[in-house]
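Engineer: Please find one structure pasted underneath; my questions will follow.
The values are calculated or read from the model by the stated rules, or taken from the named source; none is laboratory data. Fair warning: this is a prediction, and the values are worked out from it, not measured in the lab. Backbone-built Cβ (ideal geometry, glycine too); neighbour counts: all protein chains shown. The protein model used for the area step is the full one, side chains on, heavy atoms only, and it has no ligands, DNA or RNA in it. Shrake-Rupley method; radii C 1.70, N 1.55, O 1.52, S 1.80 Å.
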Amino acid sequence: MRKLLILLTVLASACGAAQPVASGGDLPLFDAGEFTNRLEASERPTVVNVWASWCLPCRSEAPLFTAAHAEFSDRIDFIGIDIQDTQEGAAEFLAEFAIPYENLFDVNAGIRGVLGGQGVPITYFVAPGGALVDTHFGIIDEGQLALALDELIQATSG
Amino acid sequence: MEFTLLFAVLTAVATMGATSLLLGRSGRIAGIERPVDVLIGAAVIGMFAGRVAAMVIDGVNPFANPGQIILVRAGVDTRVASVTAVLALLWMTRSRLPQIIDAVAPIAAAGLGGWHAGCLWRGTCLGAVSDLPWAYGIEGSSVTRHPVELYAALGMAVVALVVSKLTERPWFASSVTVAGVALVRLVTEPIRPSLSGGPVLFYAMAAMVGLAGVFVARIRPAAPPGSLTG
């Protein structure tokens, strides 16, 4: 039983850690002012997923966002923000998971200054006009993502 | 750090332990000590296989990314996990199969109920939108929803209660458990939040396998009295 508890503790506490920063230029660069204006001007709900290629949980949730985009892209905009990463890492990550939506390169994690939060991954659910509806810190699973997306649609359709 | 998943798992383990004590099946059964530990071991093996399967399905190479195997939180393939857990249980109890399987069947159903009730720790109980009196919403939301995970927990508890009364024929209790658990998941799946619609076909097949087992067990001879708990 003790071994089981140790195993379960390790499983539940698995999470990513901060990594060194590098810079590059392939992905469009994130600009806090432009991004804020964009969210405020948006007429559709937006999901913003903050990720990094070195972040293990981000790798595991990437296919979920690809699936969510396939299901909800007619009603919700999806944007990825790659933080504290290299352009090479970002390119490999995007190619590996065939992520179909727009991604921005945010080497200094400026997105956290715009929408708040710490760590990676983070997922923000934003209403049309830029109001932050919900923030999910850490890895998100399919049920939580599906519920949050439905909640976002319900909250913004009435 | 996220401990809510751990709390949900511990709720399942605690439910299994309590159920085994209540049913008097916590000790030696059919020559096997602590059958609940065997059950938990099978569940862990199933979870591992289900996680590896989920990685492969998502296009992540488990050999190139072994660190991701521990990210159970990122997804476990229910079908592979269930089948592997059952196979592991069969292997670990192969010499006394019907007695052990039937004896731990209600404990397994109760454990699954505990796992679903663990949504209260994780804040993941809610499903489709509903106006029913017991529906409730996410904090700060005006939308109320079915507490679908609590429905599943209640359903599993009913299955465990019913199965705990069944002792007369080999494979009967375990077959009823498989059918009952699968039917509970099948009924709740449409109101569960999902991007893919959920493994409905898998649950339908599992229900049919369970019902076929019930039929076969009914036409076989009855077990000697007390064989499930001695």
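Engineer: Loop only by DSSP, 16 or fewer other Cβ within 10 Å of the Cβ. Give me the trypsin sites (Lys or Arg not before Pro) in the stretch B:21-127 that pass, ordered by residue number.
Structural biologist: On the way: sites: B:R25, B:R28, B:R51, B:R73, B:R79, B:R94, B:R96, B:R122; in loops: B:R25, B:R28.
When the trypsin sites (Lys or Arg not before Pro) of the stretch B:21-127 are filtered for loop state and at most 16 Cβ neighbours within 10 Å, B:R28 remain.
Engineer: Determine ³J(HN,Hα), in whole Hz, for all residues of the stretch B:91-99 in sequence, where each value follows from phi through the Karplus function 6.51 cos²θ - 1.76 cosθ + 1.60 and θ = phi - 60°; x replaces Gly and Pro.
Structural biologist: 5, 6, 10, 4, 7, 9, 3, x, 4
Engineer: Residue by residue through the stretch B:76-88, which ³J(HN,Hα) values in whole Hz follow from phi under the Karplus form 6.51 cos²θ - 1.76 cosθ + 1.60 (θ = phi - 60°), with glycine and proline marked x?
Structural biologist: Rounded to whole hertz, the list is 10, 6, 4, 5, 5, 4, 5, 5, 5, 4, 5, 5, 5.
Engineer: At 1.4 Å probe size, with no ligands or nucleic acids counted, give the accessible surface of B:L6 in Å², nearest ten.
Structural biologist: Taking all protein chains as shown, B:L6 has close to 20 Å².
Engineer: Right, another one. Inside 10 Å of the C-beta atoms of A:143-155, what's the mean count of C-beta atoms belonging to other chains?
Structural biologist: Numbers: counts 12, 5, 3, 7, 11, 2, 2, 7, 9, 0, 1, 6, 5.
Partner-chain Cβ atoms within 10 Å, mean over residues of A:143-155: 5.
Engineer: What does the accessible area of A:H69 come to, in Å² to the nearest 10, when a probe of 1.4 Å is used?
Structural biologist: Surface open to solvent at A:H69 totals about 40 Å².
Engineer: Could you put B:Y203, B:Y151 in order of accessible surface area, largest first, with the 1.4 Å probe and the full protein assembly present? If you can, show how the numbers build up before the last one.
Structural biologist: Details: B:Y203 10, B:Y151 65 Å².
So the residues, ranked largest to smallest area, are B:Y151, B:Y203.
Engineer: Also, I was wondering about something else. Is it possible to state the helix-based mean residue ellipticity at 222 nm for the protein assembly as shown, with each DSSP H run of 4+ residues giving -39500 (n - 2.57), the sum divided by total residues, to the nearest 500 deg cm²/dmol? What is it? Mind dumping the intermediate values first?
Structural biologist: Details: 14 runs with 206 residues, N = 388.
Estimated from H runs of four or more residues: -17500 deg cm²/dmol.
Engineer: Further question on the same structure: Please work out how much length the chain gains when fully extended from B:E139 to B:V187, using 0.36 nm per residue of separation minus the C-alpha to C-alpha distance, in nm with one decimal. Before the final figure, lay out the partial values.
Structural biologist: Working: separation 48, 0.36 × 48 = 17.28 nm, distance 2.64 nm.
Taking B:E139 through B:V187 to full extension adds about 14.6 nm, to one decimal.
Engineer: Under the rule of at least 5 residues apart or a separate chain, name every residue whose amide H is placed under 5 Å from the amide H of A:L104.
Structural biologist: Residues meeting the criterion, in which the H sits 1.01 Å from N, are A:G80, A:I81, A:D82.
Engineer: Within the protein assembly as shown, what whole-number % of the accessible surface is contributed by carbon and sulfur, with the 1.4 Å probe and all protein chains included in the calculation?
Structural biologist: Details: 11380 of 17880 Å².
Heavy-atom surface of the protein assembly as shown belonging to carbon and sulfur, 1.4 Å probe: 64 percent.
Engineer: On to the next question. Taking a probe of 1.4 angstrom, what is the accessible area of A:L29 in Å², to the nearest 10?
Structural biologist: Surface accessible to solvent at A:L29 totals approximately 110 Å².
Engineer: Which order do you get for B:I219, A:I111, B:I45 if you rank them by accessible area with a 1.4 Å probe, largest at the top? Don't skip to the answer; put the middle values down first.
Structural biologist: Values: B:I219 120, A:I111 0, B:I45 80 Å².
Reading off the accessible areas and sorting them downward yields B:I219, B:I45, A:I111.
Engineer: Also, I was wondering about something else. Buried accessible area for the B:A pair, summed, 1.4 Å probe, in Å² rounded to 100?
Structural biologist: Values: alone 12490 and 8400 Å², together 17880 Å².
By this definition, chains B and A bury close to 3000 Å².
Engineer: How much accessible area per residue does the protein assembly as shown have, in Å², with a 1.4 Å probe? Please report the intermediate quantities before stating the final value.
Structural biologist: Working: 17880 Å² over 388 residues.
Averaged over the residues of the protein assembly as shown, the accessible area is 46 Å².
Engineer: Would you jot down the residues in the stretch B:40-69 that end up with at least 10 Å² less accessible area in the complete protein assembly than in the chain alone, with a 1.4 Å probe?
Structural biologist: The answer is B:I40, B:V44, B:M47, B:D58, B:G59, B:V60, B:N65, B:G67, B:Q68 - residues whose exposure falls by at least 10 Å² when every protein chain is included.
Engineer: With θ set to phi - 60° and the Karplus curve 6.51 cos²θ - 1.76 cosθ + 1.60, what are the ³J(HN,Hα) couplings of the stretch B:105-116 in order, to the nearest whole Hz, using x for Gly and Pro?
Structural biologist: Listing the rounded values in order: 4, x, 5, 5, 4, 5, x, 5, x, x, 4, 5 Hz.
Engineer: Once R0 is set to 45 Å, what does the formula 1/(1 + (r/R0)^6) return for the Cβ-Cβ distance between B:R96 and B:A64, expressed as a FRET efficiency to the nearest 0.05?
Structural biologist: On the way: r = 41 Å, r/R0 = 0.91.
That gives a FRET efficiency of 0.65.
Engineer: To the nearest 10 degrees, how steep is helix B:35-57 against the longest Cα principal axis of chain B, on a 0 to 90 scale?
Structural biologist: With both axes taken from Cα atoms, the answer is about 40 degrees.
Engineer: Order B:D102, A:D141, A:D150, B:D131, most accessible first, counting only protein heavy atoms with a 1.4 angstrom probe.
Structural biologist: Working: B:D102 0, A:D141 25, A:D150 45, B:D131 145 Å².
The ordering from most to least exposed comes out as B:D131, A:D150, A:D141, B:D102.
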